[in-house]
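The structure appears below as structure tokens.
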Amino acid sequence: MGRKRPLDKTPSGPGRKHKKQEDPGAAPEQKKRKRLKVKAGAVLEKKKSKKPLPVEEPDSDSSEELADEFPEEGVAAVSAGSDDSDQDILLPIEKKAKKQKKQQDEDDRLAEEELQTNLAATETIVLPSGQELAPDLTIIRQRIRDVQFVLADFKARRQEGKSRSDYLNQLRQDLCTYYSYNEFLMGKLMDLFPTELETFLNANEEPRPMTIRTNSLKTRRRDLAQALINRGVNLDPIKWSKVGLVIYSTEVPPGATPEYLAGHYMLQGASSFLPVMALAPQENERILDMCSAPGGKTTYIAALMKNTGCLFANDANPDRAKAIVSNVHRMGVHNTVICSYDGRVFPKIMHGFDRVLLDAPCSGTGVISKDPEVKMSKDEKDIQRCAHLQKELIAAAIDCCDAKSKTGGYIVYSTCSIMVEENEGVIDYALRTRNVRLVPTGLDFGQSGFVNFQQQRYHPSMKLTKRFYPHQHNLDGFFVAKLQKLPGEKHAPPKEKTQTPENGKPASAKSSAAKGKGKTNSQPGGGKTNSKPGSGKTKSKPGSGKTTPAGQTQAKSPKAKATPKGILKKKK
Ligand SMILES: C[S@@+](CC[C@H](N)C(=O)[O-])C[C@H]1O[C@@H](n2cnc3c(N)ncnc32)[C@H](O)[C@@H]1O
């Protein structure tokens, strides 16, 4: 088959002409061929009718031959000749060339038509500059700067006919492209950080420093630091923590040193120290860690309790709860009972705790540097779903707490989200539906929570809550609030007896808490609950009458052999 060369203009291109003009022997040859054309015309006409020229173009070799054989004038004569009489007097090779030229003209016309169609189609969208495949980030970066410059003095700098929202939309789109976020999340972040958005976004592009927490049940920070320095770890103490170390560089994998395997430390983001510090666990207390897997905070709580009292480490996801077991064993924790319940039903299982930590499942918008998928995957529904579950969990956490506790009566709520709906919005719900008040977290750094945010107006005490940001504190984005439960309830207590740490008796499936009775405006979101916990599975039904929660695992220790009742007995 011949090869199509629709755009090959070699025979008539300027380079070719130039070459021919330089050929001094061309003119006599041309004259000779013209004579031949006239002579051979009639004979060739007969042959043509019997054997038409092939439709396909000749291959490149024959085309080259043709071009070499015919000087420029000859080709011009063929192209120009369009009437039948011309055909009659042409040599077969000239006819072939004519046909070929015709075909080439047609191909050129189609190619031009196609080009015009493409231009027309793309003109209205984006110029086909290749930007569709790889956006020019330098241009986008510059436009971000330009738009920010205009927004800084909008009246003076805006373009005629452009509104502020035109500029903001352009800015949002460009930030989304530049930093790879979806528009929903970028919009939320623009609301949260009107002046320092880019610093926040840039901080999310950098990993947070690697930090570890000394297990004070097994060693002291100074001794651990020395042991790790001897192994080639370059570190420093974290100033605001008694147990934290920041690792700048290391010659050994920090998750596989003998010290790690011996449980002398936990690999843990520094932000996750904060809720435990706010909880301020005391020795011999009864404490519930409601959503505790994989146990980073649980083991810290146990260490602060000095392995005394009783700590319940619960997580709705039984598979994740297994990780608590191994961490508790490795860290030498003996005072902890691990169980797997949906936190929302926990008050029916057990209540009367001195302190409750609710480190709630959340959208993870504070930990984007660890999990960049959050940038693109979260939408409005995800935030609403999280907030709904969080409201149900905080209500349960408060219901698990003993307002009359001699040492406590505190609930700490934390998330690694920076969304207002998941933080101040949830605390606001707790304040409205339970007899609790906000108290200082005891953390002397961090931003105050929002008292006002857009149209939202919260209780003035909301300023006692704390927000932590990557760009300000070099920590993952985090929220911490500390509530104190007050005696006398907005929410009617369960009428029937439920298992408490003191009585160790089974809960009743018919408790009013189970039915949600007596709650004042306590349905979060005012609607039905559709959120499923972690895996959504709990190993036993709430209030199933079992003294030991199904799925519960006790830490391997002498104390762990005791019955739950024994464990639950408070030390005086
Ligand atoms: C932020 S993580 C907890 C991290 C943990 N506190 C730590 O420091 O290692 C949230 C946990 O909540 C659990 N969870 C989700 N829904 C739950 C529910 N309804 N009840 C109890 N736990 C739940 C998840 O399985 C997840 O392990």
Reported set for region 259-311 where residues are within 10 Å of the ligand (Cβ to nearest atom) and of a type in the set (Asp, Glu) is 289
Every listed condition ((1) in contact (Cβ under 8 Å) with a residue 12 or more places away in the chain; (2) within 17 Å of the chain's Cα centre (by Cα)) holds for residue 176 save (1)
Would you check if there is a residue in region 367-378 being within 14 Å of the ligand (Cβ to nearest atom) and in contact with a Ser or Thr (Cβ under 8 Å, 6 or more places away or on another chain)?
yes
Which residue is surrounded by the fewest Cβ atoms within 10 Å (Cβ to Cβ), if the candidates are limited to region 312-365 and must be acidic (Asp, Glu) and within 12 Å of the ligand (Cβ to nearest atom)?
319
Every pair of residues 6+ apart whose Cβ atoms lie under 8 Å, when the first sits in region 334-347 and is over 13 Å from residue 322 (Cα atoms) while the second is among the acidic types (Asp, Glu) and within 12 Å of the ligand (Cβ to nearest atom):
344/392
Whether any residue in region 384-398 is more than 13 Å from the ligand (Cβ to nearest atom) and in a loop (DSSP other than H, G, I, E, B) is what I want to check.
no
Could you list, in sequence order, the residues of region 136-186 that are part of a loop (DSSP other than H, G, I, E, B) and modelled with pLDDT of 95 or more?
180, 181, 182
Could you tell me whether residue 464 is touching a Leu at 6+ places or on another chain (Cβ under 6 Å) and at negative phi?
yes
Has region 202-211 got at least one residue that is assigned to a helix (DSSP H, G or I), in contact (Cβ under 8 Å) with a residue 24 or more places away in the chain and surrounded by 22 or more Cβ atoms within 10 Å (Cβ to Cβ)?
yes
Residues that are of a type outside the set (Gly, Ala, Ser), in contact (Cβ under 8 Å) with a residue 60 or more places away in the chain and in contact with a helix residue (DSSP H, G or I) (Cβ under 9 Å, 6 or more places away or on another chain), at least 1 per element: which strands (runs of 3 or more DSSP E) completely within region 226-325 meet that?
265-267, 286-289, 310-314
Can you confirm whether residue 414 is within 15 Å of the ligand (Cβ to nearest atom) and touching a Leu at 6+ places or on another chain (Cβ under 8 Å)?
yes
Tell me the residue from 369, 417, 405 that is among the hydroxyl-bearing types (Ser, Thr, Tyr), surrounded by 24 or more Cβ atoms within 10 Å (Cβ to Cβ) and assigned to a loop (DSSP other than H, G, I, E, B), please.
417
Working only within region 452-472, note down all residues that are assigned to a strand (DSSP E or B) and surrounded by fewer than 14 Cβ atoms within 10 Å (Cβ to Cβ).
452, 457
Within region 381-401, count every residue that is in contact with a Phe, Trp or Tyr (Cβ under 6 Å, 6 or more places away or on another chain) and not basic (Lys, Arg).
4
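The values are calculated or read from the model by the stated rules, or taken from the named source; none is laboratory data. Keep in mind it's a predicted model, so treat the numbers as computed, not measured. Here Cβ is always computed from backbone atoms with ideal geometry, including for glycine, and neighbour counts include all displayed protein chains.
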